[in-house]
1. For the range 5-98, give the magnitude of the charge dipole about the Cα centre (Cβ charges: +1 Lys/Arg, -1 Asp/Glu; no others), in debye to the nearest 20.
2. Compare the peptides 55-67, 194-206, 175-187 by average per-residue count of other Cβ atoms within 10 angstrom and give them in order, highest first.
3. Give me the number: length gained by fully extending residue 190 to residue 222, i.e. 0.36 nm times residue separation minus the C-alpha to C-alpha distance, one decimal in nm.
4. I'd like the Kirkwood hydrodynamic radius of the range 114-216, using the inverse of the mean 1/r over distinct C-alpha pairs, in Å.
5. To make sure I understand, if each residue's beta carbon is the centre and we count other beta carbons within 10 Å, what order do 231, 338 fall in, fewest to most?
6. In Å, what is the Rg of the alpha-carbon atoms in the range 36-145, and how long is Dmax?
7. Compute the normalised compactness of the range 1-76: alpha-carbon radius of gyration over 2.2 N^0.38 Å, N being the residue count.
8. With a 10 Å Cβ neighbour count serving as the proxy for reagent exposure, in which order, fewest first, do 83, 73 appear?
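Any read-out appearing in this document is the output of simple, stated calculations on the displayed coordinates, not a laboratory observation. Treat the numbers as computed from the prediction; the structure is a model and nothing was measured. Neighbour counts are summed over all protein chains in view; Cβ atoms, including those assigned to glycine, are modelled from backbone coordinates with ideal geometry.
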Amino acid sequence: MSLPQLLKYVYNNGTDEVIRRGKRIYAAGGVELIEADPVLKSATFRVKSDTHANYYRVSINKYHDTGSMNVRCQCPYNLGDICRHEAAAMFQLQEMLDKNHFDSYETKYNQQHTLVKMKFIDIKALKLLTNNDIFAEAEKMAKQARAVKIISAKDEKVEAILKADGAEFPMILQRNEERHFDTHCTCDETEFAICKHKTALFLFLLNKQGPYYFDTLRNWDKEKNKLLALYGYSLEDNLEGKFTFSYLEGKPFLRVLDSSIKRVDGLGSGNRQPVAPPPPDVAAVITQRVGVVFNGNEPLYPFFRIDLVSGEVNEEQTAFVSLVNKLDLTKYVDFYQYKEIDRDLITPIRKVQGMEVSKFLSKNSPFAGIWENITHDENESALPTETKELMLNTCIPSWPSCSHRLPLMGYCSSCLTVSLLKQRACCRLVYPAKGCSPSLKRIPLPTL
């Protein structure tokens, strides 16, 4: 029994390591379908990394034909044709195709009217709506100037006749209200959304006029009059030798040809209204202050937590007079509603939150990559408590066995930065932040 074409593509283009890790991501349920288009034969997946908590976007176009299939991933892998995320996505896509997840009926198109969803003439979109053979034939037709005859081109509508295979094919390309293209041709192509004749006309216009040609066919009279009004003119005036319009990305821009023409100010110097003086600045009274809370009942390393609370204070600003709210330091905090002395607390306290400490240990400890599973996994399949404690003691020596035991912890009196990353290898004595005041306040270390 032969393998499906997508699996053949994976095994022919992926290394053994890529295939093995791609299977692991797929088997672990790390592939999620974001969107799919059965008509264009394209699908987009969200794939989780097997080593980090990252997600990558994988796009697969023309998956029905591996010869012209296009696979893209956001990851930086460049050591092979496909990465493990693309392999996992194709494993998932093949399973969905086997289960008829997508509509399996054969789509037939009527070239009398087909809708092309693109905002401008885009080669990538044209290739998606055809195949390689049709696109190659269309390129040959577009290069033959005599084969294409433009009948009319106005109001975002082009009518043309294309001569091919001893016959004439009248065509219409027109922009609709949604800025997409309604297309018409008299040929009998039913397999693809646009035929070779429409493709040839699109390519002919692209080569001759550029991708934004249809924008130049739009009625821009209103916009042009606004530009001319800056100089006191309108489209009803004789503009020859004075102005001309150019188009950049489909939008009109006015060029002044006569250097003697100046912009019209609109208000004479004697008709200007006096400008009211700006209102006087009113000093804002800040009543919100920030407080620091030390919590010594944290079950995970470093076995304490520092929180910030906010609330209104009395006039002396020595005590809170209302209910205080805990600040969520994982989200954005509006610095400017607090005094400068309080603002300086937010960033250093945010750096010593449990999540930041855990990230540092996960990156630098001997158990890199599985630190979160050791300390936070509470499922039935989690490691036994004794094993977790042994790993913690291996990575971070326990406090009672420390020969340098000091019952106090120091923090910097100038910025209150508790430096968890500058500790001795044998104990949890914390030193002040570099460059801060050497004077230290001492507080009891939480019971471990």
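1. 180
2. The peptides rank, most packed first, as 194-206, 55-67, 175-187.
3. Full extension from residue 190 to residue 222 adds 7.4 nm.
4. Computed over the range 114-216, the radius equals 13.5 Å.
5. Lowest count first: 231, 338.
6. Expressed in Å, the Cα Rg and Dmax of the range 36-145 come to 16.7, 56.
7. Scaled against compact globular proteins, the figure is 1.12.
8. Ascending Cβ contact count within 10 Å gives the list 73, 83.
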